[in-house]
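Notes follow once the structure below has been shown.
Any read-out appearing in this document is the output of simple, stated calculations on the displayed coordinates, not a laboratory observation. The structure displayed is predicted, hence computed values, not measured ones. We place every Cβ from the backbone using ideal geometry, glycine too, and count neighbours over all the protein chains shown.
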Amino acid sequence: MKIIVDAMGGDYAPEVVIEGAIVAVKEYDVDVVLVGDEKVIKALLLKHKYSGERISVHPSQEVIGMSESAASSVRKKRKSSIVVGIDLVKNRVGEAFVSAGNTGAVVCAATLGLRLLPGVERAGIAVVAPTLKGISLIIDVGANIDPKPSQLLQYGVMGELYSRLILNKPKPTIGLLNIGEEETKGTEIVKDAYELLSKSALDFVGNVEPKDLFSGKSDVIVCDGFVGNVMLKVSESAAETLNIFLKRSILSNWLGKVGYLLLKKSFMSYKQKLDYAEYGGAPLLGVDGVVIIGHGRSNVKAVKNAIRVAKEEVEAKFNEKIIEAVSKTGEKLQVS
C-alpha cells in the first residue's frame with residue numbers, strides 16, 4: 001500500500017512529517033510518497049539516516065500557507081504540495097493522502113480533485129474524541145458550515161460506518177448536537193434533521209446537549225461544520241488551560257510536588273487520553289479517495305498515526321461501503 005504524504009503541511013513541517021513517515025513505514029508496513037521540496041526532503045531523509053526504498057519523493061514547487069484562503073490558493077497554486085498530492089491519489093499513484101496543512105485547502109482540493117462519492121451530497125470532517133466511556137466520533141468539524149438536513153443524515157450514516165468498521169464499535173449509537181434534548185429544540189434545519197435521523201435505520205438516540213459531548217452518551221455526534229469547529233477549538237483550549245492550572249497548582253508547594261511524584265503514572269495516562277496525537281488525523285468522509293487531515297501542530301507521533309488511520313481506511317474498503325449505505329438510506333426514506 002502506498003500513502004501520499006504532504007511533507008510541507010503543518011506548523012513543524014517538513015522535519016516532523018518526515019520523521020513520522022520514517023516511523024510509519026517501519027511500524028505499519030506501508031510505502032510513503034513525500035510531496036514537497038525535493039532537495040529539502042532528501043536532505044532531511046539523509047539527516048535521519050533513512051536509506052530504504054519504502055519512502056520516495058515527488059517534487060512540488062509551492063506551499064499553501066495555513067492562513068491562506070482555501071479556494072483561491074487551491075486555484076492559484078496548482079503546483080502546491082496539497083494539490084499535487086491530491087492529484088497523485090486521483091491518478092492512483094497512491095491509495096490515500098495525508099496532510100497536516102491548511103484544512104480548508106485540503107477539503108477544497110479533495111472535493112474538486114477527487115469529487116464526491118456517488119450519492120454523497122457534501123463531505124464532512126470527522127474527529128475522534130475521548131469520553132468517559134471510551135471514544136466518540138464527531139462529524140462535521142469544519143468542512144460544511146451550512147448543511148441541509150439530508151446532509152446531516154448522511155453524516156450520521158458515514159459516522160456510524162466509521163465507528164463500526166474503523167473504531168470497532170459493534171452497534172454505534174448516533175446523537176444530534178443540539179441546545180436541548182427535546183426534539184422541538186433548535187433551528188428548523190436541526191429539527192428536520194432530527195426527523196430524518198429518526199426515520200432512518202440508524203440507532204438514533206436523539207439530541208445530545210453540549211454538556212454530554214464527552215460523557216459517552218452516543219458513539220457518533222452529528223453537527224454542522226461551524227458549530228463542530230468552534231466546539232473542537234474550545235475543547236482543545238479548555239483542555240490545555242486545565243493542564244496549565246493543574247500544573248501550577250501541583251508545583252505551587254512541596255506537598256504538591258511530592259504528590260505528583262506518587263501520581264506521575266496516573267497523570268501520564270490522563271495526558272495520553274487527551275492527546276490528539278494518539279488518534280492520528282481526521283478523515284474527510286464522502287470524497288472519492290481516502291483523505292486524512294492532521295492537526296496543524298502535528299508532531300511525529302501524530303503524523304505516524306495519521307498514516308496508520310489512512311491505511312486502516314483503505315484496508316476496510318471504506319468508501320465502497322459508504323456508497324452502499326448512502327444508497328440504502330435514500331431508498332428507505334423514499335419508501336417512508
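Could you derive backbone 3J(HN,Hα) for the range 130-142 from the dihedral phi with the Karplus parameters 6.51, -1.76 and 1.60 (θ = phi - 60°), listing whole Hz in sequence and x where the residue is Gly or Pro?
x, 9, 5, 10, x, 9, 10, 10, 10, 9, 10, 10, x
Shape verdict for the chain, please, from the Cα gyration tensor: rounded (a/c under 1.5), prolate (a/b greater than b/c) or oblate.
oblate
Report the antiparallel proportion of the DSSP beta bridges in the chain as a percent, rounded to a multiple of 5. Don't skip to the answer; put the middle values down first.
On the way: 11 of 39 bridges.
Antiparallel bridges: around 30 percent, rounded to the nearest 5.
Along the three principal axes, how long is the range 1-88 when you take its alpha carbons, biggest first, rounded to the nearest angstrom?
The principal-axis extents, from largest down, are 37, 25, 18 Å.
Would you be so kind as to identify which of 220, 175, 4 lies farthest towards the positive end of the dipole of the chain, taking Lys and Arg as +1 and Asp and Glu as -1 on Cβ and the Cα centre as origin?
4
Counting only C-alpha contacts under 8 Å and six or more residues apart, can you give the relative contact order of the range 7-72 as a whole percent?
Values: 69 pairs, mean separation 22.7, N = 66.
The value is 34 percent.
Could you tell me which helices of the chain pass both thresholds, a Cα extent of 18 Å or more along their own axis and a mean Kyte-Doolittle hydropathy of at least 0.5, with helices taken as whole DSSP H runs?
15-28, 225-250
Would you mind counting up the charge near residue 13? Only other residues with Cβ under 12 Å from its Cβ, with Lys and Arg at +1 and Asp and Glu at -1.
Working: positive: 297; negative: 6, 11, 15, 19, 37.
Neighbour charge sum, excluding residue 13 itself: -4.
Could you pull out which residues in the range 128-161 have an amide N less than 17 Å from a spot 7 Å beyond the Cα of residue 323, following the Cα-Cβ vector?
In the range 128-161, the label zone of residue 323 (backbone N under 17 Å from the point 7 Å along Cα→Cβ) covers 158.
List the residues, sorted by chain then number, that are 5 or more residues from residue 203 or on another chain and whose placed amide H is less than 5 Å from its amide H.
174
Ignoring everything except DSSP H segments at least 4 long, calculate the 222 nm mean residue ellipticity for the chain; use -39,500 (n - 2.57) per segment, divide by total residues, nearest 500.
Numbers: 12 runs with 162 residues, N = 336.
For the chain, the value works out to -15500 deg cm²/dmol.
Work out which GluC sites (Glu not before Pro) in the chain are exposed loop sites (DSSP not H, G, I, E or B, at most 12 other Cβ within 10 Å) and give the longest gap free of them. Write down the numbers at each step before the final one.
Numbers: sites that count: 53, 182.
Within the chain, the longest run free of exposed GluC sites (Glu not before Pro) spans 183-336.
Which of the residue pairs 90/199; 47/90; 169/217; 217/304 have a Cα-Cα distance greater than 24 Å in the structure shown? Spell out each step's value before the answer.
Numbers: 90/199 36 Å; 47/90 31 Å; 169/217 14 Å; 217/304 30 Å.
Over 24 Å apart, Cα to Cα: 90/199; 47/90; 217/304.
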